Structures are given as structure tokens and as C-alpha cells.
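Student: Provided herewith is a single structure, encoded as C-alpha cells, for subsequent inquiry.
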Amino acid sequence: MSIEQALVERSSNQCELCSATDNLSVYEVPPVTETHSDKCIYTCQTCKDQVESNIDITPTHWHCLNDSMWSQVPAVQVVAYRMLSRLAADNGWAQDALDMIYLEEDTLAWAKVALAEDDDIKHVDSNGVILQAGDTVTLIKDLDVKGSSLTAKRGTAVRNIGLTSNPEHIEGRVDGQRIVILTKFVKK
Ligand SMILES: [Zn+2]
């Protein structure tokens, strides 16, 4: 059975992210280490275009992730996690979903590895200094955390940051809560 046939069967012939039934094709979830249906998702062109590019995200389209993030398929979970990470800084619902999504340890590592390995993307702080995963940064202004009553105070140190596929966003923990922070509001 070809990969496409396997995916058609697994997905009941619909987009595994948004359930659309037109223009479906195979998307290999990076990093591509082996060619296997477990490493691919079946997706519509609308989803695929936005997953593959860093621009032109239509946030409303991605409300579909509220359902598809509960998929039993790890590759789908990985893409859902990555898209929610990209959306979280500007969309409270995506941050909420990111707080709820559950990935097995291996799957979470997969979701994060490609984000960190994307060489085209450089994250820089408010002074233009390059940020790397694991760095400690300081907030340069008070930040309201979307979707909560928490305010992250200016001067708060955020340790062990994570990089996202969006060069303007980093991830870090404030008061035990994982949040997405705009790089322009931090300094190393
Ligand atoms: Zn779709």
C-alpha cells in the first residue's frame, strides 16, 4: 500500500487538520528521516500552504486545531502543536489550546526539534542580539499574558527559553506557566 493510500484510509479521505475534503495531498512532517505514513499527514492545500510558510497565517482557519489537536496520530499532534505555537502570541484561544494539548514525550521532542533546527530563522532580542534555545532573557516591559489574569513584570528573568518557528516569538515559563513572548520585549 502506498503512503497516500495509507493516509486516505487513516484520514477517511479528509484533511487531518481541518476536515476539508478537497485538494488533499501528503505532507511530510519535518524533519523527514524516513518515508513512512507515520511521518506524514494528509492535508488540504489551505492548511499545507500555511504550515509550510511563515507568513499569511489566517488565524480563524486554525480554530480547526481545537478538534484536530486531539488526534491519536502523532504526526498530526506535531503539526497542531507547531501551528498553535505560531498562533499563541496573538491569539488567546491558541495559547489556551497549547496549555491543554497533550503529547507523549517522544512526540513533544519531535514537535520541538524541527523548530530549533530551522536555520533560516533568527531570533533576536530588543537589542538585536541573537537568542538561542536555553538562554535566559529579561522582560523589558510589563506583559499581560493572553488568556489569563497574569501580568509578567518588567525585569522578570525567563530561563531556558525555547525558540519557535516564528522569529518574533520565543517560549518561556513565567510563574510556572508556559507562555509565548515577543522577542522585541526581551533582552539577553
Ligand atoms: Zn485543511
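The values are calculated or read from the model by the stated rules, or taken from the named source; none is laboratory data. Everything numeric in this text was worked out from a predicted model, so none of it was measured. No Cβ is skipped: glycine too gets one built from the backbone with ideal geometry, and neighbour counts run over all protein chains shown.
Student: Are any residues in the range 65-87 in contact with a helix residue (DSSP H, G or I) (Cβ under 8 Å, 6 or more places away or on another chain) and either within 13 Å of the ligand (Cβ to nearest atom) or over 19 Å from A109 (Cα atoms) (or both), and if so, which ones?
Tutor: Passing the criteria: L65, N66, S68, S71, V76, V79, A80, M83, L87.
Student: Sticking with this one: Within the range 4-22, which residues are closer than 19 Å to V79 by Cα and more than 9 Å from the ligand (Cβ to nearest atom)?
Tutor: E4, A6, L7, V8, R10, S11, S12, N13, T21, listed by residue number.
Let's see how each residue does on (1) under 21 Å from L7 (Cα atoms); (2) at pLDDT below 95; (3) touching a Lys or Arg at 6+ places or on another chain (Cβ under 7 Å); (4) buried (at least 18 other Cβ atoms within 10 Å of the Cβ):
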position: D67; (1), (2), (3), (4): yes, no, no, no
position: Q72; (1), (2), (3), (4): yes, no, no, no
position: A75; (1), (2), (3), (4): yes, no, yes, yes
position: V78; (1), (2), (3), (4): yes, no, no, yes
position: S85; (1), (2), (3), (4): no, yes, no, yes
position: A88; (1), (2), (3), (4): no, yes, no, yes
position: W93; (1), (2), (3), (4): no, no, no, no
position: A97; (1), (2), (3), (4): no, no, no, yes
position: D106; (1), (2), (3), (4): no, yes, no, no
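Student: Does V32 satisfy being part of a loop (DSSP other than H, G, I, E, B), farther than 26 Å from N160 by Cβ, aliphatic (A, V, I, L, M) and without any contact (Cβ under 8 Å) to a residue 40 or more places away in the chain?
Tutor: On the way: part of a loop (DSSP other than H, G, I, E, B): yes; farther than 26 Å from N160 by Cβ: yes; aliphatic (A, V, I, L, M): yes; without any contact (Cβ under 8 Å) to a residue 40 or more places away in the chain: yes.
Here the answer is yes, as V32 does meet what is asked.
Student: Given the structure, is G172 closer than 23 Å to V78 by Cβ and either within 13 Å of the chain's Cα centre (by Cα) or small (G, A, S) (or both)? I'd like the intermediate steps shown before the answer.
Tutor: Numbers: closer than 23 Å to V78 by Cβ: yes; either within 13 Å of the chain's Cα centre (by Cα) or small (G, A, S) (or both): yes.
Judged against the criteria, G172 is a match.
Student: Being within 16 Å of the ligand (Cβ to nearest atom) and within 14 Å of the chain's Cα centre (by Cα), is that true of even one residue in the range 24-39?
Tutor: Yes - at least one qualifying residue is present in the range 24-39.
Student: Among the listed residues M69, M1, identify the single one that is under 19 Å from the mean Cα position of the chain (by Cα) and of a type outside the set (D, E, K, R). I'd like the intermediate steps shown before the answer.
Tutor: Details: M1 fails: under 19 Å from the mean Cα position of the chain (by Cα).
Checking each option against the conditions leaves just M69.
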